[in-house]
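The next block holds one structure in the form of structure tokens; read it before the comments.
The values are calculated or read from the model by the stated rules, or taken from the named source; none is laboratory data. As the structure is a prediction and not an experimental result, all values here were calculated from the model. All Cβ positions, glycine included, derive from the backbone under ideal geometry; neighbour counts span all protein chains shown. Accessible surface areas use protein heavy atoms only, side chains included; no ligands, DNA or RNA. Shrake-Rupley method; radii C 1.70, N 1.55, O 1.52, S 1.80 Å.
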Amino acid sequence: MSLMLDFDAEVEKSRGRPPKPPAEEQEGRLQRAREAMGEQGLDALLVYGAAEVNADPIRYLSGYVHVFPGASSLFLLPLEGEPVLLIDQPWHLEEARKMAFVDDVRTYPNPGRTWLADDLRSTVRDAFASAGVENGRVGLLSGTTPLVYRDLLESAVPGATLGNGTPVWAELVASPSDWDAANIRRTAQVADEGLAAAVEAAGAGVPEYEVCLRSLERMASLGAEFLHGSGASTHINIGSFSDVISNVRPFLFTGNRLEEGQMFWLDLSACFAGCYTDTDRTISIGEPTREQRELYDVTAEMYRVLLDGAKAGVPGGELWEKGNRVAVGAGLGDYLNHVYLGHTTGITTSSRPIVARGETAELRAGSFLNLEPGIFVPGVGSACVENTVYVTETGATPINGFGLEIHVV
């Protein structure tokens, strides 16, 4: 697959519009969503979206990308009939209609403007009526729909019955289309280039920001997306001075200069064409000490065990137990990545099943999973290995190609 920049796509992005998937892909997404809705006994799916929640399902099902962090939207997909997209930024309506691949795009008053409550109820009621589902069973994405919207629905469409639509989105995430899969793989290639640029830039005396900005520059040149109105986007986080037992920290990078003797994680998320991958690599400034190398060796063994154990039908919690046993056996169980050891990714990021204690959801064939074992010992160093892998009935295959070894600079 070529990594040449798609200039038509870049022109669209520079105009403020995400590139649209092919028409057959657009129709295929809605059809697959409707099939999943039918399995759940739903007459419609209603998705609330904003920068911090459900930005991915809104984009995936309608083509709309929130214009800035404070923007929100509602997407109503009936089992039969035409979908409706509602956005809360009237000034952005014409651009929203250009970027969306659904025909019916309207505005609605944000619930925060309480003096427009009657207009809001009327707008929502009209959308449900045009979709023919004012008395239907409507699935919401549980846990991510604000209570104010549930109250709104009860008053605007009292004949509708609210149900759980989360399994519909979970099914789409677990079964990406061929078009999705091709772009997820291309996203991994963009991430590999970003990792390579970061390693090339790293060295004693180099500021953290220099390492990360060179990586972001490389990925931007290959079409990576940097979204304003989405909670997840292309970014890189460096752990050179972190004492946190995890591969995240509040500040992505600082002006601190790398120091001889440091060994640390580098966490990179790439977004391309609405798809995501996560990767981590381990960097050492100068040759690692024996103790640091032992941290890496345990991490690498955890990754091998996780990769060997990943296949369709395996619960995320069972896979976590296998990785955890490696760390505990090495006396490093207390320094294991406390977020999780992996998560489903692809058309969204950090989705279930995750690789964590007690996770009951099973891996699905055809899905993409991130494996990210890490060991973090304050005062010694940290190591993390993360790849995106493609899950099959019999195993899992990494789609990243950048080397897993300690990158000594």
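Round to a whole number: what % of the accessible area of the chain belongs to carbon and sulfur, probe 1.4 Å? Its accessible area is 51 percent carbon and sulfur atoms. Quick check: the angle from helix 178-201's long axis to the longest principal axis of the chain, C-alpha only, nearest 10 degrees? Tilt of helix 178-201: around 40 degrees. Ordered from highest to lowest accessible area with the whole protein assembly present and a 1.4 Å probe, E82, E318 read as E82, E318.
Taking amide H as placed 1.01 Å from N in the peptide plane, the amide H of R106 sits under 5 Å from that of L85, L86, I87, each at least 5 places away or on another chain. Here the peptides 241-248, 194-201 are ranked by packing, the mean other Cβ count within 10 Å, and the order with the highest first is 194-201, 241-248.
Counting every alpha-carbon pair across the chain, the share separated by more than 28 Å comes to 50%. Per residue, the chain exposes an accessible area of 41 Å² to a 1.4 Å probe, with every protein chain left in place. Largest accessible area first, the listed residues S130, S122 line up as S130, S122 when surface is computed with a 1.4 Å probe on the assembled protein chains. Accessible surface of H228, taken over heavy atoms with a 1.4 Å probe and every protein chain present, rounds to 130 Å².
The order of the peptides 305-314, 325-334 by mean Cβ neighbours within 10 Å, most packed first, is 305-314, 325-334.
Computed on the Cα trace of region 218-360, the radius of gyration divided by the Kirkwood hydrodynamic radius gives Rg/Rh = 0.98. Placing D104, D118, D280 in order of accessible area, with the largest value first and a 1.4 Å probe, yields D118, D104, D280.
Every pair of different Cα atoms in region 306-409 enters the Kirkwood calculation, which places the hydrodynamic radius at 14.0 Å. Loop-located chymotrypsin sites (Phe, Trp or Tyr not before Pro) across region 73-158 with a Cβ neighbour count of 13 or fewer within 10 Å are lacking, with loop assigned by DSSP.
Summarising the amide proton neighbourhood of V408: residues at separation of 5 or more, or on other chains, whose placed amide H is nearer than 5 Å comprise S284.
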